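Student: To start, I am sharing the structure in question, which I have written as structure tokens.
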Amino acid sequence: MQRILSTVFSFALILTLSCGKASTSIGRPNVILIIIDTLRADHLSCYGYQREISPSLDSLAATGTRWENCQAQAPWTLPSTASIFTGLNARQHGSGRRLDGDHRLHSEVPVIPTIFSDAGYRTCGIFNVVLLNENHGFARGFDYYSCDDLGARRAAISVDEFLRWLESGSDERPFLAVLHFFDVHEPYDPPSPYDKLYFPDDTLEVSYWEITESGWIAHPEHLEHFLSRYDGGITWVDTQLGRLFSELRFRGYEDNTIIMVTADHGEEFLEWGWVGHGGHLYQELVHVPLMVSGPGIPSGEVITETAALFDILPTLISICSIEDTFHFEGVDLFSSDGRNPRAIPSSQLSYRGQMFGETPLAAVVYGRMKGLVTRKVGIDSYYMFDLLNDPHEQAPLESDSLMTELLDYYRATPMLWDPPGVHDLDSSSTRALEDLGYI
Ligand SMILES: [Zn+2]
């Protein structure tokens, strides 16, 4: 047991190990990391979705490597994206513990843009939600950074902005770009004709959930409408990514650019009583897509071993031959570590923690089994699901001693980087948080 625990949650005393400026970055590949907010894996055709809605991403996956089972580290944007940025699990980086207080990224934790910048890359970050803005610590390390706090900037605008930045550089350094798209997120409002692509009845008024005394509810009769507009948003983003990929080929970047695509979390559509995300740790929310394509990446490979969002950073720096002098919870997915069974943890931290009176405290996927611990009226309950036979988590099993110990071990994980508060959030950020329903 101890060996397993030390293997899966190794967080011995950590020191910040700075990465010196690389002597040369010439010859290293460019990297584009694409994060599609709220995109659940099972709504992509390459993950078996019945609708053919994502030809560009399906094609990218076919030419590269796709992970069948990637787990997000949290069911909402801030802590999950922080895990992508830091290579740490949500308890270790601590970002997102409280929406009204301590939750921004620590100002010294090594993150993707600082690591690549120190290695000689020029860096570009384009984001589209307030939780990933400069006040939350996500601009550090980017030479060029922009964020639309309200998520209103369409994918086409973000792609154009990136292409303009791409042509603005005059040196020979490789680039890192992190592109975050918000178009799939509620209110499921893709531009025409994508809004009616899969549900042409335009006489039906969209009826979103409403808040009542008993909590948030949705209207089941409108589920098909929700799903059609959600899927339309996926096709809209996929179309823009297809345009981006074509432009990269046309401009000669195809042979020296790594493209990785993932999502920060998924979305529920009444599987557990409501529509949205943040309130649970079920697979609808934490099973996310992960694919990578580019020079040296195995083509057409599908990997079934469980991967995690915190594996993205160690995998990318390995691909780019950047020396790994950092502490990561994640591993290089192309190394033997990425093929060995590991416990992959997720937690909700703070957001909507009291949904339906039950708080999901932590989840751990280990092989085909998934453990879950929840708290209701002060009592913790441990469950276990066999994801192979019960992928929709309908038949909870009694947690065995190994899973219980893994869950407790994760819950006891100390924070490595104490996130500073955000009490100095400017008024526009606070308004954006309110408009998006976060506070
Ligand atoms: Zn999100």
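Every number here is computed from the coordinates shown, using simple stated rules; none is lab data. In this text, all values refer to a predicted model and were calculated from it rather than measured experimentally. Here the Cβ positions follow ideal geometry from the backbone for every residue, glycine too, while neighbour counts run over all protein chains shown.
Student: When LEU402, LEU309, LEU281, LEU244 are ordered from fewest to most other Cβ atoms inside 10 Å of their Cβ, what list results? Walk me through the numbers on the way to the answer.
Tutor: Numbers: LEU402 17, LEU309 31, LEU281 25, LEU244 22.
Least to most surrounded, the residues fall as LEU402, LEU244, LEU281, LEU309.
Student: A further question follows. How many nm separate the modelled label positions at LEU388 and ASP189, each set 7 Å beyond the Cα in the direction of the Cβ?
Tutor: Calculated label separation equals 4.6 nm.
Student: How do THR86, THR404 rank when sorted from fewest to most other Cβ atoms within 10 Å of their own Cβ?
Tutor: THR404, THR86
Student: Can you sort ASP148, ASP171, ASP183 by how many other beta carbons sit within 10 Å, fewest first? Walk me through the numbers on the way to the answer.
Tutor: Details: ASP148 19, ASP171 6, ASP183 27.
With the fewest neighbours first, ASP148, ASP171, ASP183 line up as ASP171, ASP148, ASP183.
Student: Related question: Along segment 265-271, what does the Karplus equation 6.51 cos²θ - 1.76 cosθ + 1.60 (θ = phi - 60°) give for ³J(HN,Hα), rounded to whole Hz, x for Gly and Pro?
Tutor: Once rounded to whole Hz, the list reads 5, x, 7, 9, 10, 6, 4.
Student: Taking amide H atoms as placed 1.01 Å from N in the peptide plane, list the residues 5 or more away in sequence, or in a different chain, whose amide H sits under 5 Å from that of CYS70.
Tutor: VAL288, ALA307
Student: Something else about it: Taking 0.36 nm per intervening residue step and subtracting the Cα-Cα distance, what contour gain separates SER335 from ASP255 on full extension?
Tutor: 26.5 nm
Student: Counting only residues 5 or more places away or on other chains, whose amide H sits under 5 Å from the amide H of LEU44 once H atoms are built in the peptide plane?
Tutor: Correct list: TYR49.
Student: Let me ask something else about it. Counting C-alpha atoms alone, how compact is segment 21-158: give Rg to one decimal and Dmax as a whole number, in angstrom.
Tutor: For segment 21-158, the Cα radius of gyration and maximum Cα-Cα distance read 16.4, 49 Å.
Student: Amide H to amide H under 5 Å from ILE32: which residues, 5+ apart in sequence or cross-chain, H placed 1.01 Å off N in plane?
Tutor: For ILE32, the qualifying residues are ALA177, ILE258, ILE259, MET260.
Student: Just to confirm my numbers, what's the Cα centroid distance between segment 27-44 and segment 128-167 in Å?
Tutor: Comparing the Cα centres of segment 27-44 and segment 128-167, I get a distance of 15 Å.
Student: Using each residue's phi in segment 401-413, evaluate 6.51 cos²θ - 1.76 cosθ + 1.60 at θ = phi - 60° and report the 3J(HN,Hα) Karplus result to the nearest Hz, with x for Gly and Pro.
Tutor: Taking θ as phi minus 60°, the curve returns 5, 5, 5, 4, 5, 4, 5, 5, 4, 5, 4, 8, 4 Hz for segment 401-413.
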